[in-house]
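Working notes, structure below.
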Amino acid sequence: AAWLGINIFLFTYYFLYFDQDERYFYTRAILGSALAWARASAKCLNFNSMLILLPVCRNLLSFLRGTCSCCRRTLRKQLDHNLTFHKLVAYALALLTAVHTIAHLFNLERYNHSQQATDGSLPAVLSKLHLQGSKWLNPIHSNRTTVEYVAFTTIPGLTGVIITLALILMVTSSTEFIRRNYFEVFWYTHHLFLIYFAGLVIHGIAGLVRGQTEESMEEVHPHRCAHYLTHKDEDCSHDCCKDPEFGSIPAESWKWVLAPVILYIFERILRVWRAQQKVAVTKVVMHPARVLELQMQKKGFRMEVGQYIFVNCPAISLLEWHPFTLTSAPEQDFFSIHVRVAGDWTERLIDTFQQQQTEMPRIEVDGPFGTASEDVFQYEVAMLVGAGIGVTPFASILKSIWFKFQQADQTLKTKKIYFYWLCRDTGAFAWFNDLLASLEQKMAESGKADFLTYRLFLTGWDTSIANNVALHFDTTTDTVTGLRHKTIFGRPMWNSEFEAVAAAHPRSVVGVFLCGPGPLAKSLQKSCQQHSSLDPRKVKFYFNKENF
């Protein structure tokens, strides 16, 4: 809301400024209101270009998350929307670029029309001032010059075309479909941001749009002297007989983007340096449903629950880095990730580690970086919802809980955890069956059997599975997972689940954490709003979602 408000304020302020400022009286005589549209959108473009890199400075966000650990939840939650904000700013840049481009196309057409005019009007006279040796106002000095010629031969025109093309490619390749199915296209086209920022800094150097200089304003003020430009005698001796002089609007884009670009360069240097540190793959495990587990060690690596890393395998691609949630606990002497096939790169990674090789493929790691799941132990009650491979951040949390029970940790603030795992096939449940079984046993031994309540939902099944479950319905353990809690066929009834949690904890603050698809996020967010009490002394649900 603050970002939108600042954009509206900037656009309105500069639109009125360029529409009324006396230094641009003569410029407006040629261009009309298109000048204000072009300049106001340019100011907003600079502002949003300043912001676009900040949400992807992941080390900066992790640092802020650490320094804000004692801040209000609402403040910390804003950091979890970094990619949403990044997309909003990108869409704003696309819209403002369209406005800026269309306005300048009108400007060029009006410049061209004024240059060709011979009617003695003010725009026609202003466009011929360059013939008298005065500082020109109209950048088109020939009747043969076309709009296309200016667009592709001047610095503002050519850089504008390049910037626009780069922005179009980046925005269109960032759609959900492209990112999910052709991640390489998204990855490589997004690096056109280098061309975008280089073009943005150069774009305004030539200064085609001009205004009257301060010195000229004092000598021949437009309100006093504009009339004499079209009605001037050859032997004129009046103060207004002198022609006005014009100067370029100084290029300002570099002032807006200098600080964030320097910050981003330091971010990249830090990440490159960190990625070059040696990573030892200590264990490779192939789980059912073709899920690869990599256990690794790296000197000086420290993590918190729910964090994620970027992984690169030079044998597959030197430039591609992909995010993976850490599935290990901070108490363990290694860190691990679980990888399932979700595109060409992940499929090649699994194939590479499945092949029997004398030497383990080299892995580079950048991170870890903070996420919403870090805050799970800040809540008395937590609801963890994972869909498919989205269980990974909660595996880290559950493992950490196991170690805290093992060490009889008295500082654990969380009193109750509800864990929901939605899977399409039975093989997926085998990933963390051992962990859940260990937790069941450990909590029973500690006298805290009620600490963890988990529900496993099988959303895809056939008649053979259903028949097998029906035959063994009376067994103490589940036929699908072998755990004490029975697998539920179908999807959760979230209203019932939230009502039960609210009834069990009528005065608690409940953290709801999701790692899963967008439609599920909307459903959970809606349930959080519906079941949160307006009374601050009663139950309140806070929604948190993993974002990479």
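So how much slack lies between residue 334 and residue 135, counting 0.36 nm per residue of separation and subtracting their Cα-Cα distance, in nm? It would help to have the intermediate numbers written out before the result.
Values: separation 199, 0.36 × 199 = 71.64 nm, distance 6.96 nm.
64.7 nm is the gain from fully extending residue 334 to residue 135.
So which of 43/545; 404/522; 135/255; 43/526 end up more than 29 Å apart by C-alpha? Beyond 29 Å between Cα atoms: 43/545; 404/522; 43/526.
Here the simple spin-label model places points 7 Å from the Cα toward Cβ, and for residue 268 and residue 352 these points are separated by 2.2 nm.
Largest accessible area first, the listed residues 313, 241 line up as 241, 313 when surface is computed with a 1.4 Å probe on the assembled protein chains.
Where nothing but the Cβ of Lys and Arg (+1) and of Asp and Glu (-1) is charged, how large is the charge dipole of the range 109-259 around its Cα centre, in debye to the nearest 20? Display every interim value, and only then the final one.
On the way: 11 positive and 16 negative charges, 136 e Å.
With only Lys, Arg, Asp and Glu charged at Cβ, the dipole is about 660 debye.
Give me the net charge of residue 503's neighbourhood, meaning all other residues with Cβ under 12 Å from the Cβ of residue 503; Lys, Arg count +1, Asp, Glu -1. Let's see the in-between values first.
Details: positive: 507, 538; negative: 497, 499.
Its environment carries a net charge of 0.
Taking amide H atoms as placed 1.01 Å from N in the peptide plane, the amide H of residue 489 lies under 5 Å from those of 458, each 5 or more residues away in sequence or on another chain. Taking the average, over residues, of other Cβ atoms within 10 Å as the packing measure, peptides 300-308, 179-187 rank 300-308, 179-187 from highest down. With everything on Cα atoms, drop me the angle between helix 2-20 and the longest principal axis of the chain, reported from 0 to 90° to the nearest 10. Here the helix axis deviates by roughly 0 degrees. Computing FRET efficiency as 1/(1 + (r/R0)^6) for residue 411 and residue 530, where r is the C-beta to C-beta distance and R0 is 25 Å, gives about 0.15.
Between residue 181 and residue 105, what FRET efficiency comes out of the Förster formula 1/(1 + (r/R0)^6) with R0 = 30 Å and r the beta carbon distance, rounded to 0.05?
Calculated value: 0.25.
Reported to the nearest whole Å, the Cα centre-to-centre distance from the range 173-229 to the range 75-144 is 8.
Full extension from residue 278 to residue 4: what is 0.36 nm times the residue separation minus their Cα-Cα distance, to one decimal in nm?
Working: separation 274, 0.36 × 274 = 98.64 nm, distance 4.39 nm.
So the chain would gain 94.3 nm between residue 278 and residue 4.
Based on the Cβ-Cβ distance of residue 16 and residue 453, what FRET efficiency does E = 1/(1 + (r/R0)^6) give at R0 = 60 Å, to the nearest 0.05? Computed FRET efficiency for residue 16 and residue 453 comes out at 0.50.
Each of residue 362 and residue 217 was given a label point 7 Å from its Cα along the Cα-to-Cβ line. The distance between the two points is 6.1 nm.
Here the range 361-397 and the range 252-290 have alpha carbon centers that stand 19 Å from each other.
First compute the accessible area of the chain with a 1.4 Å probe, then give the percent of it belonging to carbon and sulfur atoms. The partial results should precede the final answer.
Details: 16120 of 27680 Å².
The C+S portion of the solvent-accessible surface of the chain is 58 percent.
Could you work out how far helix 518-531 tilts from the main Cα principal axis of the chain, as a 0 to 90 degree angle to the nearest 10? Once rounded, the angle reads 80 degrees.
Assuming a ≥ b ≥ c are the square roots of the Cα gyration tensor eigenvalues, decide whether the range 259-398 counts as rounded (a/c under 1.5), prolate (otherwise, with a/b larger than b/c) or oblate. Kindly include the intermediate steps, with their values, before the conclusion.
Working: a/c = 1.65, a/b = 1.08, b/c = 1.53.
Oblate is the answer for the range 259-398, as a/c is 1.5 or above yet b/c matches or exceeds a/b.
Note on the range 236-321: with charges restricted to the Cβ of Lys and Arg (+1) and Asp and Glu (-1), its dipole about the Cα centre is near 980 debye.
Stretching the chain fully between residue 489 and residue 522 yields a gain of 9.7 nm (0.36 nm per residue, less the alpha carbon separation).
Accessible surface comparison of 522, 404, probe 1.4 Å, protein chains only, largest first: the order is 522, 404. Relative to the longest principal Cα axis of the chain, at what angle does helix 34-51 sit, 0 to 90 degrees, rounded to 10? Once rounded, one gets 30 degrees. For the chain, the share of DSSP beta bridges that are antiparallel, to the nearest 5, is 50%.
Average projected area of the Cα convex hull of the chain, in nm²? Don't jump to the answer; show the numbers that get you there.
Numbers: hull surface 133.4 nm².
About 33.4 nm², averaged over all directions.
Treat every Asp and Glu Cβ in the chain as -1 and every Lys and Arg Cβ as +1, leave all other atoms uncharged, and give the resulting dipole magnitude about the Cα centre to the nearest 20 debye. Walk me through the intermediate numbers first.
On the way: 53 positive and 48 negative charges, 328 e Å.
With Lys and Arg at +1 and Asp and Glu at -1, about 1580 debye.
The values are calculated or read from the model by the stated rules, or taken from the named source; none is laboratory data. These numbers come from a predicted model, not from an experiment. Glycine also receives a Cβ, built like all others from the backbone with ideal geometry; neighbour counts cover every protein chain displayed. Keep in mind that these areas ignore ligands, DNA and RNA; they rest on the heavy atoms of the full protein, side chains included. Shrake-Rupley method; radii C 1.70, N 1.55, O 1.52, S 1.80 Å.
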